[in-house]
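Let me begin by presenting the structure, written as structure tokens, before commenting on it.
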Amino acid sequence: MLSDISDINSGMAESAASTSDHLLGQVLDQSENGLFLVDTHRRIVLWNEWMVQASSISRDGAIGHPFTEIFPSLRGKRIESVINAALDTRTASLLSRSLNKAIFPLYFSETGDEKQRIEQSVIVKPIQSDGHDYCLIQITDVTPMVQREGVLRVLAKEAEEAQKAAEDVSRFKSEFTSTVSHELRTPLTSIRGSLGLISSGVMGKLKPEVAKLVDIACNNTERLLFLINDILDIDKIESGKMDFVMGPVDLMVVLRQSLEANQPYGEQYQIQYVLKKIIGDLKVYADTGRLMQVLNNLLSNAAKFSPEGAEVEICVLQNDSMIRIEVKDHGAGIPLQFQSRIFEKFSQADASDTRKVGGTGLGLSISKAIMEKMGGAIGFNTVEGKGTTFYIDICVIDQV
Amino acid sequence: MSEKTVLIVDDSRVSRMLIKSVVVDRHPDWAILESGSGDEALTHSDEDIDLMIIDFNMPGMDGMTLAEKMKSLYPSAYISMLTANVQESTQQRADSLGIGFEKKPITEDKIAGIMSQIE
Amino acid sequence: MLEISELQRDYITEILNISMGSAASVLSEMVNEAVSLSIPEIDFLPRCDAAHKFDQINTVKMSGVTQRMSGAISGDALLIFPEEKTLTIVRALLGDTVPVESLTEMEQEAMCEIGNIILNSVVSSVADILKREIVSSLPHFIKGTGKEVFSVESNNHDDLVMFLKVDFGLESQSINGYVTLMLNVDSLHDFLSQLDAQINAI
């Protein structure tokens, strides 16, 4: 199709030797990339329109001239050795923008005082034609990429700073909670101690009305202390600082211990705990203390919300690799509008309930967090007016 | 030309072979000692050595560390470092120690240049 | 694993380390920082064994650069590192501190150039030993598990893999990566006989 490189060049001129040369010349001139060709004598033999515009060097000013004459500032630079490598050993190279800031002196043709430098990515490739070796240099304008990158970096930096700030807040909050809780606990312990001494009669016998008042004070002090412990627990769980020593746990042993511990509670509310269904010799995967904490919570809740004289039934069921422990009460059930919030912090069905049944309102949310951390689950079934069954699911290890 | 003793230190046996053949070609009467590592090279400390050609990139003790030690053990010997990776910092360090410096690959001319320092 | 003699291994290592040294010089000068490159291990493995080697680094995400070779050797040349190490290398050389989780467009381009410099030097050493021409394509960025990235190769049962462990030394740390070149049995024979000829000429 083409006989001579000069034909290609003339193809880029208006009056071309042949139609195909003209067409090819047009194609090269319409390219959005800079394209130029260097021969084995390091002279420029092809120079497209993009190059003309970007370098302000005309075709006549470039063709036939040594590369280093056109770009004197590039003598001895990496681009020169890479062009030599292409011509001497047919090596292709890439000159990335980030490792080679501003390779060729090329500018956008702008009206105005400021000449804007074109950000470049350069590809250097050996070409052979008609037994002659050439080096093709292709220049891509990567200015938009550089700008996008700039924006990306700013956003990434902002995101990092925001994250750090959030972590700082979280850490501060956590330290604050534990500091405040400790600060609250100390005086409360003193108050409880003093009240305990007084109510025991050691400081002198109390008149019945006085004893009653002291009792109220004691109970509320206890209540505050429980509340502080619960708050600290929640904080520990949320910040991941609660220790779980997981291992095989004999379920029936823990269950019986929990029932025994809650016996006085049951008596106080005049209910009976009944172990309805059990599976003997069962080992589950849990932390003993934390499991006990959850069982205590469910048993005490069941007692609190049961009518006097009722029974609270406990069943242990197995479903494949999971064990379910159900605690069933015959209380008023959980109202519909409250059901979705039951595991949230400080939620009790009714503000008036709180005073009646005591408790901190944190028990279930702590239990939920504990069960989840142990790889189990917690849930409930309820019928208003009939009663509620709370259950926990836990992994079984083996059955002896 | 009097007899000289040359110590070649390089973990590559082929490299040592190459250097040795160039030296022996030009000075068949010179004695050649070879070591594959810095530690091995230091065992020759009781010998009389006139020229040391040391490879920079060796496992264990690197060439520069060895050269420093040798400089104090053999103040009159000429030491030249051979390296594939010429870094300004390495070059400066060599200059300040008074050690010669040659870039690999090893050629006859380069070895000849080194030998001329003690001929 | 193919058995090559101690002397052959020594010679190849020396030649490769020399050209890696040059590549390291080029990189050092470009970024104005101390960079060192060396090849502590060389193996020639049949392709299935090479795939097994990649099994060990199978689940780790790898990234790096590939170039297609033609001429005396045809196939893909790979330079790969565990992904987070590629990040470390590029960021160290560019002096970047931006905490973006994976390489940005521009950083990938820079890695391509780094890979191009290193692979070109390995390929040209092999070509020198063979005394024949090998032409490399431009570099492309690749990413995936060790196995995924490796099976970018063409399915040629006669393939042997030249498996190089690469030590990329930065100012503060040294990073291990791999270079693999696909050879075929004939190329390897040529390679070894040329090696022997050159060793004997010493």
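The values are calculated or read from the model by the stated rules, or taken from the named source; none is laboratory data. All of these numbers come straight from a predicted model, not from anything done at the bench. Cβ: placed from backbone, ideal geometry, glycine included. Neighbour counts: every protein chain shown.
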So which of C:E29, C:E6, C:E33, C:E105 ends up being among the acidic types (D, E), within 25 Å of A:T140 (Cα to Cα), surrounded by fewer than 19 Cβ atoms within 10 Å (Cβ to Cβ) and within 14 Å of chain B (Cβ to nearest Cβ)? C:E29
Only one of (1) within 12 Å of chain A (Cβ to nearest Cβ); (2) over 14 Å from the mean Cα position of the chain (by Cα) does not apply to C:D55, and that is (1)
Of these, C:V135, C:V123, C:V100, which one is without any contact (Cβ under 8 Å) to a residue 24 or more places away in the chain and either more than 30 Å from A:E160 (Cβ to Cβ) or within 14 Å of chain A (Cβ to nearest Cβ) (or both)? C:V100
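Residue-wise test of (1) within 34 Å of the chain's Cα centre (by Cα); (2) on the phi < 0 side of the Ramachandran plot; (3) buried (at least 18 other Cβ atoms within 10 Å of the Cβ).
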| site | (1), (2), (3) |
| --- | --- |
| A:Y265 | no, yes, no |
| A:L275 | no, yes, no |
| A:I279 | no, yes, no |
| A:A286 | yes, yes, yes |
| A:L295 | yes, yes, yes |
| A:L298 | yes, yes, yes |
| A:K304 | no, yes, yes |
It is to be established whether one or more residues within segment C:67-80 are of a type in the set (S, T, Y) and modelled with pLDDT under 90. yes
Out of the residues in segment C:60-90 meeting the condition of being within 11 Å of another protein chain (Cβ to nearest Cβ) and either surrounded by fewer than 19 Cβ atoms within 10 Å (Cβ to Cβ) or without any contact (Cβ under 8 Å) to a residue 24 or more places away in the chain (or both), tell me which one is nearest to C:L119 (Cα to Cα). C:R68
Residue hits (segment A:31-58; among the β-branched types (V, I, T), touching a residue at least 24 places away in the same chain (Cβ under 8 Å) and part of a loop (DSSP other than H, G, I, E, B)) are A:T40
Hey, which of the helices (runs of 4 or more DSSP H) in segment C:98-202, taking only ones fully inside, have at least 2 residues that are among the aliphatic types (A, V, I, L, M) and under 13 Å from the mean Cα position of the chain (by Cα)? C:105-130
With respect to C:A24, determine if the residue is out of contact with any Lys or Arg (no Cβ under 7 Å at 6 or more places or on another chain), buried (at least 21 other Cβ atoms within 10 Å of the Cβ) and facing chain B (nearest Cβ under 7 Å). yes
Picked from segment A:198-222 (must be surrounded by 13 or more Cβ atoms within 10 Å (Cβ to Cβ) and among the charged types (D, E, K, R)), the residue farthest from A:S181 (Cα to Cα) is A:D215
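Of a type outside the set (D, E, K, R), under 28 Å from the mean Cα position of the chain (by Cα) and exposed (fewer than 12 other Cβ atoms within 10 Å of the Cβ), is that true of A:A165?
yes
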Of the numbered conditions (1) within 14 Å of chain C (Cβ to nearest Cβ); (2) more than 30 Å from C:E29 (Cβ to Cβ); (3) of a type in the set (D, E, K, R), B:E40 satisfies every one except a single condition; which is it? (1)
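Results for (1) within 18 Å of C:S19 (Cα to Cα); (2) away from chain C (no Cβ under 14 Å), shown as yes or no for each residue.
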{"position": "B:M64", "(1), (2)": "no, no"}
{"position": "B:M70", "(1), (2)": "no, yes"}
{"position": "B:P105", "(1), (2)": "yes, no"}
{"position": "B:E108", "(1), (2)": "no, no"}
{"position": "B:G113", "(1), (2)": "no, yes"}
{"position": "B:I118", "(1), (2)": "no, yes"}
Hey, can you tell me all the residues within segment C:108-120 that are free of Cβ contacts under 8 Å to residues at least 40 places away in the same chain and more than 7 Å from chain A (Cβ to nearest Cβ)? C:Q108
